[in-house]
Structure formats: structure tokens, C-alpha cells
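Only one structure is covered here, and it is reproduced in the block below.
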Amino acid sequence: MAGSALRRLMAEYKQLTLNPPEGIIAGPINEENFFEWEALITGPEGTCFEGGIFTAKLIFPPDYPLSPPKMQFTCEMFHPNIYADGRVCISILHAPGDDPMGYESSAERWSPVQSVEKILLSVVSMLAEPNDESGANVDAAKMWREDRSEFERIAQKLVRKTLGIP
Amino acid sequence: MPMEFLDRLPVPNLRLYTTISFAILSCSIYYATQIIKDPAWRTNHTHIDAITRDEINPTDPRSLGMHFKELLECMVDEPVCIWTLINMAYCVLILLGKSIQKLVFGELRVSERQHLKDKFWNFVFYKFIFVFGVLNVQYMDEVVLWWAWFTALGFLSLLSQLCKDRFEYLSFSPTTPGWSHARLLGLLAAILALSSFMLLLCTAAVFFFISFNTFAFMAAECILLGVRTIHVMLRYVIHLYDTRGAGTSAQRSWDKRGPLTYYTDLISELIVLAVDFLHHCHMLLWSNIFLSMASLVICMQLRYLFYEIQRRITKHRNYLAVLNHMEQNYPMASQDELAENSDNCAICWEKMESARKLPCAHLFHNSCLQSWLEQDTSCPTCRLALSMQANHRENTPEIPPEPQTPTRRNGNHFFLFLDGSRYVSWLPSFSVEVSHNRLRGNISTLAHTNSQMDAMARQVQQLFPHYPRNVILEDLRMTRSIEWTIENILDGVLTIPHHVIEEPQAESVPQTQMSMTNIMPSSSVQNSSDPRFDIPFADR
């Protein structure tokens, strides 16, 4: 089904370039492979991630949009919902059958009407408001709850790092 | 692993190998010419050219052709020379493979190389089993003949595998130049032609010197190769038609394309599986090797093939059920509704010339909706739960536990892909009930393996101390493998219920708390506040 996936990804790319949402740039890393994208996300204003430019990689499955893509930050991140290796843990990236505990309601999960744009917007709002209930990074979740100022200090350090300022 | 070991062996590079092969060949040719110069060789020479010798002798200033012929005869007779000839043949084959790779594929990607390597060693392994285990070949000549046959076959199937991988890669890109498609299709056609030629060859051979069994063994391999190649070609043609040819009439082709691809895949996969299955049965039955390693290997392969066939048929049933359900319950949208909607299909983002309408009035392409409903049963847009033949079950959420065998322990999920990639519960609130029932059905079959499970859970928990053990245990029950569970945890599939995380942290003795749970018998976890966690132990 790679044909329909390809056409859909091309349509999304076209839409994202023609009408880009604020603070988000995304597109295939290489025109030869439309199933691997790179995204640049600016940290949302008024949060500790403000000003940072975070790079991430999106890998699409051949049956996209029936299955969700995988998203992974390629820069260093410290966030309750981002694993240490950069993988993002948000509910709309989870396939409908994936949650054995019934922990997330299926309304929040992946559906083919979602798109790259919606994913990236969700990630921006996740940066602004971490969900400390699903702990992808337990240390970060704990720090977010108990020692907010230290969390913000680390986040600011990461922001400077993404901008190349030591 | 033998493969890792082989990787580390100092394999000479191709240039060196070619040079050495040519050097050895020329040495052996020189050796052979020296021998045939010696008249004694002629007298020693066997019966083969008892007649021809008389003809040759009078024409003493022999023609070059005659000379060459003698040289060849001599080389075939000399064991040293025959090995150099075989070596040379392999060298030429490798060079041919390399040049085909350069011409058609260019640089191979890492995954392609890996597939190729796996397939190669797999092939070598199975053919070794076949020749020495099944056929039990005794004579060197026969071994050499089989060897040659399988070399050709293996070469072609490796190329065919490479084509398949490359096709899948090329279909990821919209900008592939036409000539690379043409070259790939050309190579596929050549493989197909050669495999049918080989099929003809063994059909011809059956009339002369091989038994019918041997013919069946040989033909099965050719047919497998041919069908696989045809499959890739068909998919390729459909893909090309879809992305290029149908640029003007994409919408028109769209509706036909889904089922077409599906049935192409279904038929060729079933043919390949069936032929392979019969081939293996044949091997098992005709080789009278019932108590040997070879029969064990074949039985394992048979088991795998059987499950594959079963899986494919289950998947097809599911497909038909969804199709049937859609046709009965969701009418095609009328032209007015389409005009009113004026939106694209939300799944593929393409214009809708025809569409199916869900009860919630959302419209989708027929084939888009079909492929979504195969894996989920809610409206993609509004998440309205669609009841798929499950009306009676919805009303009675408490399903009486039915005796379940482990193979169909997911029987409650209406849509189940046995590869484990995704299964679906049709109601969000229902998933707990489903897991409940499944676990209750399983608990008896698993009772005796509980200590094993505990050991596995302990191992996982050493890696992820912050995961509660009952969560890990539950996942282990489903995956039955430490690696899969770890994978699930890493993928974030296995989420920690928040109150469980909070508990140890609130007490701020996470480390000791966890080591306590490590050694506690699993039944003591029962005092967890959430009733859901009682489920795995409810029947104790």
C-alpha cells in the first residue's frame, strides 16, 4: 500500500509548505525517501522551552495513515513525555490496539484523520504542558512535579544547546 | 552465531579472488596441456574416445578445436582440474552478479545487504540438508550436479529477493527516474524467463534420466521462484500504473486498485505457501528419513508453513467479513451527499467520486474505509464505535469464560492479526473485559509455567525497576518473551498506571520498595487498590 501512503505524504508535505503552522517546519529529509521526515519545532512561548529549536525525525510505516508514524527527537531533550533516546510518548502516536491497560481512551489515539501537522502541534502543546501521568522519563516527571525550578534550569540549558550557545 | 563468525573470517576481496582464480585456472590448463602432450596419457585414457581416437590420429597436425576438446576432456578427468573449473565458474558467477548489481541496483542499502546475507545462508543451509539429508547423495558427480543446479537457483532467487526489496524502497519515492524502474522490471523478466527455462529443463530431463521424484523436487523450486517473481512484477505494474499511468484518472483507478492488490497478494502468497508446503511434505515422505536431524528441520519448516497458511486464511476471512459488513450496513453515498460534502476522503486526502457513508454521516472511500475497518472498528473522524457483528456481545459484557487454547487466546478480539502487530477491541471501555477473559482462560494453561514467568518478570524488572511487576507479568503472559516485553516497555506500549508510580515515590524509598516486590510472591500484589490488577490472580 505504499502507493497511497506516498500520495498522502506528498499531499501533507505540499500543505505544510504552502500553509505552514507557526513555529513548525517539516519535510522529507531526502526527496528519494518520503517515509523519513525531519521536523524543526520551536519551543512554545511562555514556557521553559521558549526560544529553543528542537529537531526531530519522523518515520512513517508503509501503511500510513492506517498506522501512526514514529517520532524521535534528534536533539537532547529532558521532558516527562520524551524517552531518554528522544522517542516521543504521546497518545496520538499510539495505534488504537496498543494499550493493554485501557489507560488511554481510544479517542486520544491514532486515527487516519490525524496528520503530521496535528502530531507536531500536539508535540508543541506537550512541550508546554507535560503530562506527568505517563512517565516516559520518570526522572523528568518527578522533577517536574517536585522541583520545578531545577526542571526549568535544565530546560533552559537544553534550549541554549539547541541554539549552539554554550 | 555462525554468521557473525563468518563475518569475521578474512574473506579475500573480489579482485584478489578473481586474480587467484584466473592464476589457478591457467596453471591447471598448463598442467593439462603438459599431460596431453604425453602420448602415454592417450593410452591411459579411458574408453570415452575409443572411437574418436582413431579419427584423430591420422590428422596429426590437429586442429585447434580438436586440441581444445582434448584439453577439456583431460581437465574433466583430472580431479585437480575439475575443481579449478568449478572454482572458475563460481568466480564468473560472482562477477556476473556484481555487474548486474552495478548495472541495475547501484549501491545496495544496508537492509538489502542484510536480507541478502540472511537469505543466502538460509538457502545454503536448507539445500545442504536437502542434498545430504533428504536425497542422501552418495556420488561426487551427483553432488556436483545438484550443486550446480542449486547455485543457479540460489543466484536467481537472491536476485529476485533483491528486486523485491528494491521495489519496496523505490515505491517510497515519487521521483524515481523511469529508467531505474525499467531496469528493475527487465531484470525481473529475465529472472522469470530463466526460471521457466529451468522448469522446462527439468521437465525435459524427466524423460531421459531422472526419476519423477527428482523432477518434483526440482520443479517445485522453479515454480516457487517463478511465482515470487511474478508477484513482484504484478505489484510493480500495479504500483507504476497507480502512480504514473493513472495520474490523470487516479480517482477512477482508485476503487479497483485496493482489491486488485489484495487479491494479487493473497493468491500469490497462497500459491507460494501451498507449493512450499507440498514440497516439504514430499521431502518428508519420500526420503524415508523419519528419525534424523533432517526430518526435524523439515517438520519445523512444515509447522511454520502450516501456521502461515492458517494465518493468511484467517486474515482473508476477516477481510471478507469486513467487506460483507460494509456492504450490508454502510450504503454508498448518493451524488447529492457527495456534492454537499465536497471534502476529500479523510484517510487518503484524495477527492471522492464515490464513497461509503457511516452511520455518523462521515464519508470515506470504499477501499480506505475497508483497510481501516480491518484493524479498527470506530469512525476515523468522530470515533463512533461501529458494532461489527458484535451486537449481542455488547449487551452482555460479562462473557462466560470459554475454554480457550493458547493459540486462540485472543479470540475475543474480533479483528486479530496473528502477527501480533495490532489487534482491536471494538469498544474502548471493553478492553478491560477482554483482557480479563483472556487471562482467566489462560490461567490454567499457564499455571505450571508461573515460576518461569516469575523468573522472566524478575529479569525484566531488573532492567526497569520502576515498572510494577504485575504489569510486566501481564505483558509477559501475552508476549511470552523477555525481549518482546522489553521492546514493549521501550516502545511505551506498556504504560505504568500512574498511581502505581506514585506510590513508591511518595514513600521516597523507591529502591528498597522495588527490591521487595522482586522477591514477593506475585499473589501479594493483590492488595493493589485498582481492581484491574486483581484480574490475573482472581482465580487463585
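The values are calculated or read from the model by the stated rules, or taken from the named source; none is laboratory data. This is a predicted model, so every value here is computed, not measured. Here the Cβ is made from the backbone with ideal geometry for all residues, glycine too, and neighbour counts use every protein chain on show. Please note that ligands, DNA and RNA were not included when accessible areas were found on the heavy atoms of the full protein model with its side chains. Shrake-Rupley method; radii C 1.70, N 1.55, O 1.52, S 1.80 Å.
Can you bin the range A:4-163 into rounded, prolate or oblate? Criterion: square roots of the alpha carbon gyration tensor eigenvalues sorted a ≥ b ≥ c, rounded for a/c under 1.5, prolate for a/b above b/c, oblate for the rest.
oblate
What dipole magnitude, in Debye to the nearest 20, does the range B:140-276 give about its Cα centre under +1 on Lys/Arg Cβ and -1 on Asp/Glu Cβ?
Approximately 640 debye in magnitude.
Could I have the simple spin-label model distance between B:CYS382 and A:SER149, label points 7 Å from Cα toward Cβ, reported in nm to one decimal?
Placing both labels 7 Å along Cα→Cβ, they lie 5.1 nm apart.
Each residue of the range A:111-123 in order: what ³J(HN,Hα) in whole Hz does its phi give by Karplus 6.51 cos²θ - 1.76 cosθ + 1.60, θ = phi - 60°, with x for Gly and Pro?
Rounded to whole hertz, the list is 8, x, 7, 6, 8, 4, 4, 5, 4, 5, 5, 5, 5.
Okay, helix-only estimate at 222 nm for chain A: each DSSP H run of n ≥ 4 adds -39500 (n - 2.57), divide by all residues, round to 500 deg cm²/dmol; what do you get?
-10500 deg cm²/dmol
For A:LYS14, give me every one of the lysines with a C-alpha distance below 19 angstrom, ignoring sequence neighbours fewer than eight places off in its own chain.
Partners within reach: A:LYS57, A:LYS118, B:LYS351.
Set the Förster radius R0 to 56 Å, insert the Cβ-Cβ distance between A:THR47 and B:LEU93 as r into 1/(1 + (r/R0)^6), and round the FRET efficiency to 0.05.
For A:THR47 and B:LEU93, the calculated efficiency is 0.35.
Return the carbon/sulfur percentage of the accessible area of the range B:270-390, one whole number, probe 1.4 Å, all protein chains in place.
The computed percentage sits at 59.
Arrange the residues B:ARG166, A:ARG153 by how much accessible surface each exposes, largest first, with a 1.4 angstrom probe.
Ranking B:ARG166, A:ARG153 by accessible area, largest first, yields A:ARG153, B:ARG166.
Using a 1.4 Å probe and counting only protein heavy atoms, arrange B:SER211, A:SER111, B:SER354 so the residue with the most accessible area comes first.
B:SER211, B:SER354, A:SER111
Using a 1.4 angstrom probe, figure out how much accessible area the range B:121-241 has per residue, in square angstrom, rounded to the nearest whole.
On a per-residue basis, 48 Å².
If amide H atoms are built 1.01 Å from N in the plane of the peptide, which residues on other chains or at least 5 residues away come under 5 Å of the amide H of B:SER378?
Sorted by chain and number, the residues that satisfy this are B:LEU386.
Taking the alpha-carbon centroid of each part, what is the distance from the range A:4-75 to the range B:135-180 in angstrom?
37 Å
In square angstrom and rounded to 100, what buried accessible area do you get between chains A and B, total over both, with the probe at 1.4 Å?
So the buried area, both faces added, is about 4300 Å².
If you rank B:TRP149, B:TRP83 by how much accessible surface each has, with a 1.4 Å probe, what is the order from largest down?
Most to least solvent-accessible, the answer reads B:TRP83, B:TRP149.
Amide H of A:PHE54 versus every other amide H placed in the peptide plane: which residues, excluding those fewer than 5 positions away on the same chain, fall under 5 Å?
Counting only residues 5 or more places away or on other chains, the set is A:ILE41, A:THR42, A:GLY43.
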